[in-house]
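Where a number appears in this text, it was derived from the coordinates with a stated rule and is not lab data. Owing to the predicted nature of the structure, the values given are computational and were not obtained by experimental measurement. No Cβ is skipped: glycine too gets one built from the backbone with ideal geometry, and neighbour counts run over all protein chains shown.
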Amino acid sequence: MERLTIAAKNLTPFIDLNPDARTFLFQGESYPENVLSFYRPVLDWVRVYFDGLTRGTSTQVQVSLRYMNTSSTKIFMMLFDLCQDAHRSGRPVTITWLHHREDELIREMGEDLSEGLEVPFRFLAEE
């Protein structure tokens, strides 16, 4: 499977989905004009990735967003549902949510998104 890397732009985050390292990285800000159009290839890639993953193979997801709009939040809910499905089927996933130490809003978004997930979800405060 090919690595998917999307450069950050004004309204969209840097995304690096690396099947060899088994890591997903989302970094920057997320408020694209058409959120579904932007994230559809990402969600499709993630589905194919998890479908081809061997049981017992783990994946690390790192989210480091300074801002996300409501539509992006819904996309991350979908992404985390895919992670949970993989986790439940024996393909362990760990999600790390990075946020600026003083940015309570982004931390709260992560807390809301982690609610009800069975996937290990940890929070790291950055300077």
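Based on C-alpha pairs under 8 angstrom that are at least 6 apart in sequence, the chain has a relative contact order of 21 percent. Quick check: from the Cα gyration tensor, does the chain come out rounded (a/c under 1.5), prolate or oblate? Oblate is the answer for the chain, as a/c is 1.5 or above yet b/c matches or exceeds a/b. Listed values for segment 32-37 are Karplus-derived 3J(HN,Hα) couplings in whole Hz (6.51 cos²θ - 1.76 cosθ + 1.60, θ = phi - 60°), namely x, 4, 10, 4, 5, 4, and x replaces Gly and Pro. The length gained by stretching the chain between residue 101 and residue 33 to full extension, at 0.36 nm per residue less their Cα-Cα distance, is 21.6 nm.
Per residue, the average separation of C-alpha pairs within less than 8 Å and at least 6 apart gives segment 69-122 a relative contact order of 45 percent. In order along segment 38-43, the phi-based Karplus estimate (6.51 cos²θ - 1.76 cosθ + 1.60, θ = phi - 60°) of 3J(HN,Hα) comes to 5, 8, 3, x, 5, 5 Hz; Gly and Pro are listed as x. The HN-Hα couplings worked out from phi for segment 11-28 by the Karplus form 6.51 cos²θ - 1.76 cosθ + 1.60 (θ = phi - 60°) are 10, 10, x, 6, 10, 9, 9, 10, x, 5, 7, 6, 10, 10, 10, 10, 9, x Hz, whole numbers, x standing for Gly and Pro. Neighbour counting of Cβ atoms within 10 Å sorts the residues 98, 82, fewest neighbours leading, into 82, 98.
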